[in-house]
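S.K.: First the structure, which I've put down as structure tokens, then a few questions once you've had a look.
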Amino acid sequence: MSGYIRMNRRRKIYEGKAKILYEGPEPGTLVQHFKDDATAFNKQKHAQIEGKGVLNNRISEFIFQNLNAIGVPTHFIRRLNMREQLIREVEIIPLEVVVRNVAAGSLSKRLGMEEGVQLPRSIIEFYYKNDELGDPMVSEEHITAFGWASPQEIDDMMSLALRVNDFLVGLFLGVGIRLVDFKIELGRLYEGDMMRIVLADEISPDSCRLWDMKSGEKLDKDRFRRDMGGLVEAYQEVARRLGIMTGGEANPPRGPVLVK
Ligand SMILES: Nc1ncnc2c1ncn2[C@@H]1O[C@H](COP(=O)(O)OP(=O)(O)OP(=O)(O)O)[C@@H](O)[C@H]1O
Ligand SMILES: [Mg+2]
């Protein structure tokens, strides 16, 4: 029984609210581990939700794999196990990029716009990644003045964000889900003396607002923020519709399921 401790030997690089980063098997790689922790309102609310990490790992894998396949550069290499994926290490740009298609959350509050109103076009917002400050919204002026990203990098981030949005809107539309908004993180990937901006972190129901097209039911982290319960069941439903994780081994995954 003794001697099986090699998993504990790897070096922890960073422990965040929802994930842990470990040193990867090769230089320039990391292992991203998905925990069951859920936090909201800048950590004021915290809970363990059994099964969430496994679902986010699978859903994010599915989305990043498909983005890689259509030529959107991402940090994703491959999934390693139920909770972990192998990724390329990047220099995270300290911004959260939010794309909105429908009014909800802080936009509704800020602008007094009813939740659910379709926006005239997709809107991109930037937030400065800083927990102490509660991730304040910033403009391109702040980003360039403080050197968080160059004007060229802002352009690249915006065009990547819109490509991700187009892909995700279509993907979810096909399975009866309305993509209201989502958050992404981007990073600088250095290859020799070349550098490019790639999609990093995760895309999952933790970082998206997903509403059932017919019933309007929330299938995302707002269930936790708003104490609605049924979070794991909602994430499972998203996975099921995307054709991943059927729950039992009897029905092997078959890809996205069209919902009529
Ligand atoms: N490819 C990558 N290379 C380096 N860091 C990454 C990569 N992908 C994601 N990260 C970082 O790993 C961390 C993931 O952990 P988690 O999402 O739990 O953090 P968090 O608690 O949300 O904190 P943060 O405010 O830093 O995002 C984040 O800080 C994220 O920016
Ligand atoms: Mg995070």
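The values are calculated or read from the model by the stated rules, or taken from the named source; none is laboratory data. This is a predicted model, so every value here is computed, not measured. Neighbour counts run over all protein chains shown; Cβ positions are idealised from the backbone, glycine included.
S.K.: Counting just the residues of region 188-230 that are aliphatic (A, V, I, L, M) and more than 16 Å from the chain's Cα centre (by Cα), which one comes out surrounded by the fewest Cβ atoms within 10 Å (Cβ to Cβ)?
M.R.: Here the residue is MET194.
S.K.: Before we move on, is ARG178 within 20 Å of ASN56 (Cα to Cα) and basic (Lys, Arg)?
M.R.: It is true that ARG178 is within 20 Å of ASN56 (Cα to Cα) and basic (Lys, Arg).
S.K.: Does region 149-169 include one or more residues that are within 16 Å of ligand 1 (Cβ to nearest atom), touching a helix residue (DSSP H, G or I) at 6+ places or on another chain (Cβ under 8 Å), part of a helix (DSSP H, G or I) and not charged (D, E, K, R)?
M.R.: yes
S.K.: GLN85 is checked against (1) within 11 Å of ligand 1 (Cβ to nearest atom); (2) without any contact (Cβ under 8 Å) to a residue 12 or more places away in the chain and fails just one. What number does that condition carry?
M.R.: (2)
S.K.: I need the full set of residues from region 176-232 which are among the aromatic types (Phe, Trp, Tyr) and within 16 Å of ligand 1 (Cβ to nearest atom), in order please.
M.R.: Let us first name the residues in region 176-232 that are among the aromatic types (Phe, Trp, Tyr), namely 182, 190, 211, 224.
Once the filter is applied, which keeps residues that are among the aromatic types (Phe, Trp, Tyr) and within 16 Å of ligand 1 (Cβ to nearest atom), region 176-232 yields PHE182, TYR190, PHE224.
S.K.: Further question on the same structure: Among the residues of region 99-124, which ones are assigned to a strand (DSSP E or B), of a type in the set (S, T, N, Q) and exposed (fewer than 14 other Cβ atoms within 10 Å of the Cβ)?
M.R.: Answer for region 99-124, where residues must be assigned to a strand (DSSP E or B), of a type in the set (S, T, N, Q) and exposed (fewer than 14 other Cβ atoms within 10 Å of the Cβ): just GLN118.
S.K.: Could you run through region 182-214 and say how many residues are out of contact with any Leu (no Cβ under 9 Å at 6 or more places or on another chain), part of a strand (DSSP E or B) and either within 16 Å of ligand 2 (Cβ to nearest atom) or hydroxyl-bearing (Ser, Thr, Tyr) (or both)?
M.R.: Residues that pass the stated criteria total 2.
S.K.: Could you please find all residues in region 22-44 being near ligand 1 (Cβ under 10 Å from one of its atoms) and either more than 14 Å from ILE77 (Cβ to Cβ) or at pLDDT below 95 (or both)?
M.R.: HIS33, PHE34, LYS35, ASP37, THR39, ASN42, LYS43
The rows are residues; the columns are (1) more than 19 Å from ILE184 (Cα to Cα); (2) in contact with a helix residue (DSSP H, G or I) (Cβ under 6 Å, 6 or more places away or on another chain); (3) aliphatic (A, V, I, L, M); (4) in a strand (DSSP E or B).
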position	(1), (2), (3), (4)
GLY53	no, no, no, no
ASN57	no, no, no, no
VAL72	no, yes, yes, no
ASN81	yes, no, no, no
ILE87	no, no, yes, yes
VAL97	no, yes, yes, yes
